[in-house]
Amino acid sequence: MNASDLLGTDPGWIILVKGLLIFVFCVVCTLLAIWAERRWVSFMQQRVGPNRTGKFGLLQSLADGVKLALKEDLIPKAADRIVFIIAPIISATTCFMSFAVIPFTGNVNLFGHKTLMQLTDIPVGVLYVLAIASVGVYGIVLAGWSSGSTYPLLGGLRSSAQVISYEVAMGLSLVAVFIYSGSMSTSDIVAAQHHWWFSVVLFPSFVIYAISMVGETNRAPFDLAEAEGELVGGFHTEYSSLKFALFFLAEYVNIVGVSALATTLFMGGYHAIPGLTFTESWLGGWFTMVWFVIKLIGFFFFFVWLRGTLPRMRYDQFMKFGWKVLIPSSLFWILVVSTLRVMSQRNENRMVIAGFTVGIVLIIVAITSFYESAKRKQAILDEVGEFPEPSFPVPAIPNIAISQSAISQNAKEQIHD
Amino acid sequence: MLNLAVQLGSTKTPEAVLFWMLAPLAVLAALGILMAKKAVHSALLLAWIMITLAIFYIAEDALFLGIVQVVVYTGAVMMLFLFILMLVGVDSSDSLVENIKGQRASAIVAAVGLGGLLVSLVGRATLGRSAVGLASANQGGNVQGLAEQLFTKYVWAFEVVSALLITAALGAMVLAHSQKVHSRNNQRDLSIARFRGASLAAAAGLPGSGVFARHNAVDVPALLPDGSPAPTSISSVLEARGDMITSKIFELQQKEEEEN
């Protein structure tokens, strides 16, 4: 009996209970994630972090949430009232919806009913997650527009351009997963990783997904939509009180969401790490959820680590990276993967497959080395080409003539080499 | 059409409930598109209709079509529309002056004609006949069935359409692209230009608005050390628009102080 058949037998009340459990899971995750992020970042910056509210400061985010709820709710005069109120609602509702297709456990017993901790299993589950993400962008764009102010508008446009471009890269990175698992349903993809995780088999896809999920969620180092030095707070500048809290909630639930999807698609989902598969039957199958959460926390730690390590990118560099590096390289990788897939399905000679792989690696090495050497030559030329003739009298700077001629001499020699 | 289908008994109850909940909302939204004054509101209502249609597709067992409808139309096409509307004018509402003579009459004729055509065509195809073929079409899975049709029977049409789309995209890029006469100044060039300029006054950047003044808003000029306003601290756009507050009231009133 596969996952979708098993889920098909769920009575209505089990579906309701599961929906409620998923919602509670997401909210608790958010509260703990904010606390964990602040503690981890503090640790990386040699500070202490929040440690006053509750044991280890665990109740800090709860206290912050209550504080936000009790603040005054402002709507600017220039704002478009209806859209201003709808925008945070769109953000906060869509972020939960993608969890409907995430499998949290294997077969378990829920109140005497045999089922899986997965709300539903549809044949296009992963596409559904992408669709929900693209609706979620509306929250950000509308928040930026309806605030009736310049910085939020710019922030909203930036972040939606960013989310859309990185969603393309993300979608392309998932194609290799679809090709290898032969399905777009999350439970089938988890089942297909029984022997090897896709993060090993399809490592380039995994890397591209990991980068684009950071861009997709507007997180550091890609948090240009709320670059405080340029845009104040970005799209949520004019928001306060509970409406701001909804955006805050949506951001963290989205992080947990993309991490959960990464776990499902690339890290074997709820399966144990190889060698510990006997643990999957512990607690009547509920122990698989522990594995799932451990992998989820791993991804979340990666997010925090990035934030603690990397400075924010410049916007043009960021867009260039998305469109000119991530998307072409994932297209190339899809070609390679599908060729390999067809070869292995036709039972080609192993030598042919190995030859193809070596050829691809050689081509990549050749292209990158040509690119590097061209860049080096260009850099030398740029160095020489500097110092334009000033349009006004400038006193001669001692030594400049000598050093300039020395540089150009040096450059000529290097180019001739 | 679905109403008739309900009466004929071929539609399951949950589906009918879904339809009667969402269809009136979709019709209201469609009317709203025409009535809304702001273009962005119309665009939002259109997005809502697209999502409703996607839900209908999913209810009709066309799962892939429904999801792709959301990804492509709601997520990409409508988002581009919104982008343009927002960039063109944040507050602009449609002009209500009609420039074309007889616009209303011809619009009504065209609408009635198109509606009649659609109703008669769809009606002739479905009225009094029960829908057949869904089970056999979805036999090997909805996605697989669609893929088989697209990449065997209709592969030529599919490729032609994609070639057309790529041509259109290239055309848009060619039309929008402009050859730069000079290379764009980068940060380094600008910095060099500041220091090689006639005066070194602005070498460290222009003064920020409101510095040393009693207000730090962007429309209030900074004060120089002698108390006079610095005109370079205000954006020239604000100045041209007349949004600048006159700097005189922010000048230090030395005479009064001396009198005291």
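Just so you know, all these numbers are worked out from the coordinates, no wet-lab data involved. Owing to the predicted nature of the structure, the values given are computational and were not obtained by experimental measurement. Every residue, glycine as well, gets a Cβ built from its backbone with ideal geometry; the counts of neighbours run over all protein chains shown.
Quick notes on this structure:
- On the beta carbon distance between A:PHE301 and A:VAL336, with R0 = 30 Å, the FRET formula returns roughly 0.45.
- J(HN,Hα) series, the range B:102-117, from Karplus relation 6.51 cos²θ - 1.76 cosθ + 1.60, nearest Hz, glycine and proline x: x, 5, 5, 4, 5, 5, 5, 4, 5, 5, 5, x, 4, x, x, 4
- Other-chain or far-sequence residues with amide H under 5 Å of B:ASP219's (modelled H): none
- Karplus-derived HN-Hα couplings along the range B:59-64 (A = 6.51, B = -1.76, C = 1.60, θ = phi - 60°), whole Hz, x at Gly and Pro: 5, 8, 6, 9, 4, 4
- The residues B:SER228, A:SER259, A:SER160, when put in order of fewest to most other Cβ atoms within 10 Å, stand as B:SER228, A:SER259, A:SER160.
- Three-way shape call for chain A based on the alpha-carbon gyration tensor, with the a/c threshold at 1.5: oblate
- Exceedance of the 30 Å cut-off in Cα-Cα distance is limited, within the set A:LYS67/A:LYS114; A:LYS18/A:LYS71; A:LYS375/B:LYS180, to A:LYS67/A:LYS114; A:LYS18/A:LYS71.
- Full-stretch length increase - A:SER240, A:VAL28 - with 0.36 nm per residue and alpha-carbon distance subtracted: 74.1 nm
- Cα-projected label distance for B:GLU98 with B:THR152, points at 7 Å along beta-carbon direction, nm: 5.4 nm
- Pairwise FRET efficiency - A:ASP5 versus A:ARG81, Cβ, R0 = 60 Å, nearest 0.05: 0.80
- Under-5 Å amide H pairs with A:LEU110, H placed in peptide plane, nonlocal only: A:THR115
- Among A:ALA250, A:ALA169, A:ALA78: highest mean-square fluctuation, GNM of chain A, C-alpha pairs under 10 Å: A:ALA78
- Across every pair of non-identical alpha carbons in the range A:208-262, the mean reciprocal distance, once inverted, gives a Kirkwood radius of 12.0 Å.
- Modelled spin-label separation between B:VAL77 and B:PHE195, with each label point placed 7 Å from Cα along the Cα-to-Cβ direction: 5.4 nm.
- Fewest-first ranking of A:ILE132, A:ILE15, B:ILE108, using other Cβ atoms within 10 Å as the exposure measure: B:ILE108, A:ILE15, A:ILE132
- A:SER338, B:SER183 arranged by Cβ crowding within 10 Å, fewest neighbours leading: B:SER183, A:SER338
- Cβ-derived FRET efficiency at R0 35 Å, B:GLN139 paired with A:GLU348, nearest 0.05: 0.65
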